[in-house]
Amino acid sequence: MKQFTSVHDAGEITQLVEAALALKQNPYAHQDLGKNKTLGLVFLNPSLRTRLSTQKAAINLGMSVMVMNMDKEGWALETEDGVVMNGSTVEHIKEAAAVMGQYCDILGLRSFPKLLNRDEDYNEDFFNKFIKYCGVPVVSLESATRHPLQSLADLVTIRETWKAESKPKVVLTWAPHVKALPQAVPNSFAEWMCKAQAEGLVDFTIAQPEGYELSEDFTKGATILHNQEEALKDADYIYVKNWSSFKEYGKVLTYPDGWMMTNEKLKGTNDAKVMHCLPVRRDLELSSEILDGPNSLVIHEAGNRLWAAQAVLKDLLQNLS
């Protein structure tokens with residue numbers, strides 16, 4: 001890999017998953033790879049699992065790590081070209097990204113969408129310009145449209161916990177929330193599961209209320225249903241996540257009652273394991289009885305964020321010239 005921003009950068013996903021599981025068994029086997037190398041983590045938005053897991057992954061590989069919280073500690077960045085910077089922005093992304101690339105061998109970047117203009121968010125202008133100007137490999141720590149490290153960890157978790165010879169049925173189901181959330185996590189999960197399905201690893205279904213359809217760019221090959229009960233039938237894994245409307249961009253639309261996952265709904269599944277990327281609003285997105293019960297994989301899943309990040313960093317380090 002030269003960078004890691006989506007499943008399209010991952011190559012053979014089975015190979016990457018197995019690399020993550022191998023690192024879980026032997027975390028410090030490749031410390032020479034990161035010797036005298038620096039990872040810079042650049043955050044424009046809050047983070048818990050992504051920051052800690054990626055930082056720990058780099059340390060396991062022998063790297064030094066620098067963290068920059070641009071939203072609190074950095075200058076306001078200008079991203080438009082050809083503008084007179086006589087407003088609130090202080091530094092252009094051309095200089096800022098290039099300078100970060102001078103100090104670091106690999107950079108991680110996290111930047112959420114504004115959920116105001118779909119074209120602007122989905123063009124990923126900020127991310128693409130950062131990649132263009134920094135001059136070093138970039139790892140997405142979540143962008144406006146994707147969260148590939150989370151999705152890789154999700155696939156690692158399914159691979160690690162599925163013991164049967166048959167393919168598991170994986171269901172991504174929409175969940176309620178009090179505010180509009182980005183589509184990055186469900187987009188990315190759908191994209192990775194569709195690729196896994198194409199490679200014969202899973203059967204993949206999406207359940208959502210009408211009006212909450214994701215962009216077809218991320219869901220090609222998935223079975224898409226508006227009836228949650230029908231979608232959950234015989235499920236082996238249930239991935240719970242809220243997202244705002246893509247068509248009526250960023251809006252929270254009306255939806256039927258009863259979309260929160262409960263133990264009662266698990267009765268129609270194959271005693272399905274339940275996943276969520278975290279953070280989760282208890283008893284709104286997902287019931288406490290599931291989160292505190294034997295079907296929850298959320299902590300296991302979060303733990304695998306470390307090995308997903310380490311597998312990606314290892315691959316990037318091996319390809320540094």
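The values are calculated or read from the model by the stated rules, or taken from the named source; none is laboratory data. Worth saying up front: this structure is predicted, and the values here are computed from it rather than measured. Quick reminder, even Gly has a Cβ in these numbers, built from the backbone with ideal geometry, and neighbours come from all protein chains shown. These accessible areas exclude ligands, DNA and RNA; they are computed on the full protein's heavy atoms, side chains included. Shrake-Rupley method; radii C 1.70, N 1.55, O 1.52, S 1.80 Å.
When the Cα centres of the stretch 27-81 and the stretch 243-267 are compared, how far apart do they sit, in Å?
Between the Cα centres of the stretch 27-81 and the stretch 243-267 lies a distance of 34 Å.
Around CYS194, with a cut-off of 12 angstrom between Cβ atoms, what is the net charge of the other residues, counting Lys and Arg +1 and Asp and Glu -1?
On the way: positive: LYS195, LYS220; negative: GLU191, GLU199, ASP203, GLU216, ASP217.
Residues near CYS194 contribute -3 overall.
Quick one: which of 103-110, 307-314, 73-80 comes out on top by average Cβ neighbours within 10 Å, and what's the full order, highest first?
Values: 103-110: 22.9, 307-314: 27.0, 73-80: 14.0.
Result, highest mean first: 307-314, 103-110, 73-80.
Helix-derived [θ] at 222 nm for the chain: sum -39500 (n - 2.57) over DSSP H runs of at least 4, divide by residue count, nearest 500?
On the way: 12 runs with 118 residues, N = 321.
So the calculated ellipticity at 222 nm is -10500 deg cm²/dmol.
Give the peptides 36-45, 88-97 in descending order of average Cβ contacts within 10 Å, highest first.
Details: 36-45: 19.2, 88-97: 16.3.
Highest to lowest by the protection proxy: 36-45, 88-97.
Restricting the calculation to Cα positions, tell me the Rg (one decimal) and the Dmax (whole number) of the stretch 1-136 in Å.
That works out to 16.6, 54 Å for Rg and Dmax.
Which entries in LYS220/LYS241; LYS169/LYS195; LYS56/LYS132; LYS2/LYS72; LYS2/LYS56; LYS24/LYS163 show an alpha-carbon gap greater than 23 Å?
LYS56/LYS132; LYS2/LYS72
From largest accessible area down, sort LEU320, LEU116, LEU266; use a 1.4 Å probe on the protein chains.
I get LEU116, LEU320, LEU266, largest accessible area first.
From the square roots a ≥ b ≥ c of the eigenvalues of the alpha-carbon gyration tensor of the chain, which class results: rounded (a/c under 1.5), prolate (a/b over b/c), or oblate?
Working: a/c = 2.03, a/b = 1.32, b/c = 1.54.
Oblate is the answer for the chain, as a/c is 1.5 or above yet b/c matches or exceeds a/b.
How much accessible area per residue does the chain have, counting only protein heavy atoms and a probe of 1.4 Å, in square angstrom?
Values: 14530 Å² over 321 residues.
Accessible area per residue, the chain: 45 Å².
How do the peptides 12-24, 252-264 rank, highest first, by the average count of neighbouring beta carbon atoms within 10 Å per residue?
Details: 12-24: 17.7, 252-264: 13.2.
Put in order of decreasing packing, that is 12-24, 252-264.
Taking the Cα atoms of the stretch 183-292 alone, what are Rg (to one decimal) and Dmax (as a whole number) in Å?
13.6, 36
Could you tell me which of rounded, prolate or oblate describes the stretch 101-225, using a ≥ b ≥ c as the square roots of the eigenvalues of the alpha-carbon gyration tensor, with rounded for a/c under 1.5 and, failing that, prolate when a/b is larger than b/c and oblate otherwise? Each step should come with its number before you reach the end.
Numbers: a/c = 2.38, a/b = 1.38, b/c = 1.73.
Verdict is oblate for the stretch 101-225.
Using DSSP H assignments, which helices in the chain have an axial alpha-carbon span of 27 Å or above and a mean Kyte-Doolittle hydropathy of 0.0 or higher? All intermediate terms of the calculation are to be shown ahead of the outcome.
Values: long enough: 298-318 (30 Å, 0.23).
Going by DSSP H runs, the hits are 298-318.
Once neighbouring chains are kept in place and the probe is 1.4 Å, which whole percent of the accessible area of the chain is contributed by carbon and sulfur? Please report the intermediate quantities before stating the final value.
Working: 7060 of 14530 Å².
Here carbon and sulfur together make up 49 percent of the probe-accessible area.
Using a Debye calculation, one point per C-alpha and no hydration shell, please list log10 I(q)/I(0) for the stretch 84-161 at q = 0.16, 0.23, 0.26 Å⁻¹ in order.
Taken in order of the listed q values, log10 I(q)/I(0) reads -0.72, -1.10, -1.19.
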